[in-house]
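Written out below as structure tokens is the structure these notes cover.
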Amino acid sequence: MQSYDVIIIGAGPAGMHAAHALASRGQHVALIDDNPAAGGQIWRGVNNKSIQPARAALESPHITTYYQTRVIATLASQQLLVENPRDAHLLHYRHLIIASGARELLLPVAGWTLPGVTGIGGLQALVKAGMPIANKRVVIAGTGPLIWPVAVFLRMHGAHIVAIAEQQSLPRLVRFGLHLARYPRKIWQAVGYAAQLIGVPFMADSHVIAITGTTQSTGVRIQRGDHQFQLTCDYVAIGHHLVPNLDIAQSLGCDTTPAAVTTTGLLATTIPHVYAIGEARGIGGLDCAIAEGHLVAAVICRDTSAITQWQQRVAHERQLATAIAATFATPATTPLADDTIVCRCEDVTHAQLQHARDWRTAKLQQRCGMGPCQGRICGAATQHLYGWGPDAVRPPLRPARVATLALLQTISTDVE
Amino acid sequence: MATLTVFINNRSYTCDASTTVAGAITQATPQLSATRQSVRDMPRTMVCGMGICFECRVTINGAAHQLACQTPVASGMRITYGEGGDAKL
């Protein structure tokens, strides 16, 4: 079993900066991510000035990277069971940092299971991975600040953006814009996005009520106020802002709310030696994640002057997180038809869930959330649609190989 | 740019060596189309691009239910889906 001073789960901006700051203070760090490379979902493969130094620093002999590696179980006595495509490991930590990031909230709507319908960040991730997008007609819909950079990204890669349909009203978006005034870098970013999207129709207060097509998406039906209209497109990128990935924190027994891991101002969770940073603390974006990466390293190494410095920075960035949540965190849901699929893995419809009392009965009676994604899509969706809370998180956190689970035998008395 | 050859449903394709299986599949087909059938036989393919939704699972070198979006391509890799490919799960 390998042992580390600090294990960081998640190699996005928060995790990378924590790793860099800890390694430069002499700590031996393991950085785990289920993706093939560091950078996080949004910034992977992007040459961003803010994160390049931290990415380069991952070459440090003090940092061991575990890519394509999923956490299968969190164990007592400060150990993790992890699995990659080749083998499995038990890793021991003195301190654990949860930098598990966020995923898109994908809400059911008629036709959302058709090939050609992706998340917003989802389409960006696929295009980064090599999916051709040139000359494809794309409608971007839903809500969230992610819409803008992704629209710019897709257009730069040759996509034809048919329209951006944002749920929020224009006054609400303007209010959010005013918050940005305190963040000069964000203002310039916003101006840059606007300049690069000249000519793209932008529609506020616009809700997707159906995605049309038979074997793949061919269009989208949108409601705006009292009238409806149809747009023709090849791809529909639709997402409803982000939700933090909380399963690892919950598996460890940390207190959480639906929006965040509960932490102190010094990033400590309710479990000793376990910290949470970045989107896991609530959706705050890149600069917030970077600041918390620095802060957690200072906290673990008891570097008091650095703690004071980064705490102020985190407080400033977290104010923006509050504005983001107030604007985008409670997306409207379109009334669903009976036959609309809610759980994509098990093809459970809205009608089938009408008699379920809660998430647990939906799982037991209808198999909602029991498929390969383990409720990662429909769990957050049913929380929004029906107000269901999450169930207890149990290992394995992801589908795992038998050989991986067999490793537990070596420490079977430790398994919770 | 370095390239390599993979086999998608037994046909060879040359793709960018830095892509994922999802990238290779989308380069080999002109439009995103089904890479699996759901339990009710509905067409499905990649959605989240981030290893969360499990919709992109295909068979890679004989191993079923591998995530196309999380798997880098390798020379000679055999990717199958649809008829004779991934079983329903």
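A:GLN168 is checked against (1) assigned to a loop (DSSP other than H, G, I, E, B); (2) open to solvent by 20 Å² or more (accessible area, probe 1.4 Å) and fails just one. What number does that condition carry?
Only one criterion is unmet by A:GLN168, namely (2).
Here is a list: A:ARG302, A:ARG318, A:ARG344. Which entry is of a type in the set (Lys, Arg) and farther than 27 Å from A:LEU146 by Cβ? It would help to see each step written out before you state the result.
Numbers: A:ARG318 fails: farther than 27 Å from A:LEU146 by Cβ; A:ARG344 fails: farther than 27 Å from A:LEU146 by Cβ.
Just a single option satisfies the conditions, and that option is A:ARG302.
Pull out all pairs, ordered by first then second residue, where Cβ-Cβ is under 8 Å, the residues are six or more apart or on different chains, the first lies in segment A:245-256 and is free of Cβ contacts under 8 Å to residues at least 24 places away in the same chain, and the second is open to solvent by 30 Å² or more (accessible area, probe 1.4 Å) and in a helix (DSSP H, G or I).
As it stands, the answer is A:THR256/A:GLN250, since those pairs meet every condition given.
Name the pairs: first residue in segment B:21-42 and under 27 Å from A:THR349 (Cβ atoms), second residue among the charged types (D, E, K, R) and open to solvent by 30 Å² or more (accessible area, probe 1.4 Å), Cβ to Cβ under 7 Å, at least 6 apart or on different chains?
As it stands, the answer is B:GLN37/B:LYS88; B:VAL39/A:GLU346; B:VAL39/B:LYS88, since those pairs meet every condition given.
A:ALA151 - would you say it is crowded, with 20+ Cβ neighbours inside 10 Å, among the hydrophobic types (A, V, I, L, M, F, W, C) and in contact with a His (Cβ under 9 Å, 6 or more places away or on another chain)? Write out each step before concluding.
Values: crowded, with 20+ Cβ neighbours inside 10 Å: yes; among the hydrophobic types (A, V, I, L, M, F, W, C): yes; in contact with a His (Cβ under 9 Å, 6 or more places away or on another chain): no.
No: the conditions fail for A:ALA151.
Quick one: which strands (runs of 3 or more DSSP E) lie wholly within segment A:88-143 and hold at least 1 residues that are of a type in the set (Lys, Arg) and away from every other protein chain (no Cβ under 12 Å)? Break it down into steps so the answer makes sense when it comes.
Values: elements: A:88-98, A:102-104, A:137-143.
So the answer is A:88-98.
What pairs can you find where one residue is in segment A:213-227 and under 23 Å from B:GLN37 (Cβ atoms) and part of a loop (DSSP other than H, G, I, E, B), the other is aromatic (Phe, Trp, Tyr) and open to solvent by less than 70 Å² (accessible area, probe 1.4 Å), and their Cβ atoms are less than 7 Å apart, with a gap of 6+ or different chains?
Between residues of segment A:213-227 that are under 23 Å from B:GLN37 (Cβ atoms) and part of a loop (DSSP other than H, G, I, E, B) and residues that are aromatic (Phe, Trp, Tyr) and open to solvent by less than 70 Å² (accessible area, probe 1.4 Å), the close pairs are A:SER217/A:TYR235.
Filter segment A:359-400 down to residues that are open to solvent by less than 60 Å² (accessible area, probe 1.4 Å) and of a type in the set (D, E, K, R) and give me whichever is nearest to the other protein chains (Cβ to nearest Cβ).
A:ARG376
Select from segment A:144-164 the residues that are in a strand (DSSP E or B) and in contact (Cβ under 8 Å) with a residue 60 or more places away in the chain and write down the one among them that is nearest to A:HIS240 (Cα to Cα).
Just the residues of segment A:144-164 that are in a strand (DSSP E or B), to begin with: A:160-164.
Now drop any that are not in contact (Cβ under 8 Å) with a residue 60 or more places away in the chain, which leaves A:162-163.
On the way: A:VAL162: 19, A:ALA163: 16 Å.
For segment A:144-164, the residue satisfying everything is A:ALA163.
In segment B:28-52, what count of residues is obtained for those that are facing chain A (nearest Cβ under 7 Å) and either surrounded by fewer than 19 Cβ atoms within 10 Å (Cβ to Cβ) or under 16 Å from A:THR215 (Cβ atoms) (or both)? Can you show your working first?
Within segment B:28-52, the subset facing chain A (nearest Cβ under 7 Å) is B:31-34, B:38-40, B:42-52.
Now restrict to residues that are either surrounded by fewer than 19 Cβ atoms within 10 Å (Cβ to Cβ) or under 16 Å from A:THR215 (Cβ atoms) (or both): B:31-34, B:38-40, B:42-47.
Qualifying residue count, segment B:28-52: 13.
Any residue that is in contact (Cβ under 8 Å) with a residue 12 or more places away in the chain and within 30 Å of A:PHE176 (Cβ to Cβ) - is there at least one of those in segment A:54-73? Spell out the reasoning first.
So the first thing to find is which residues in segment A:54-73 are in contact (Cβ under 8 Å) with a residue 12 or more places away in the chain, and the list is A:54-55, A:57-58, A:60, A:62-73.
If we keep only those that are within 30 Å of A:PHE176 (Cβ to Cβ) too, we end up with A:54-55.
Checked segment A:54-73: at least one residue is in contact (Cβ under 8 Å) with a residue 12 or more places away in the chain and within 30 Å of A:PHE176 (Cβ to Cβ).
For A:GLN354, all conditions in the list (1) outside the structural domain of A:SER251 (by TED's automatic domain parsing); (2) open to solvent by less than 40 Å² (accessible area, probe 1.4 Å); (3) free of Cβ contacts under 8 Å to residues at least 60 places away in the same chain hold save one; what is the number of the exception?
Checking A:GLN354 against (1) outside the structural domain of A:SER251 (by TED's automatic domain parsing); (2) open to solvent by less than 40 Å² (accessible area, probe 1.4 Å); (3) free of Cβ contacts under 8 Å to residues at least 60 places away in the same chain, the one that fails is (2).
The values are calculated or read from the model by the stated rules, or taken from the named source; none is laboratory data. None of these values were measured; they are calculated from a predicted model. Please note: Cβ atoms are built from the backbone with ideal geometry, for glycine as well, and neighbour counts cover all protein chains shown. Accessible surface is based on the protein model in full, side chains and every heavy atom, while ligands, DNA and RNA are left aside. Shrake-Rupley method; radii C 1.70, N 1.55, O 1.52, S 1.80 Å.
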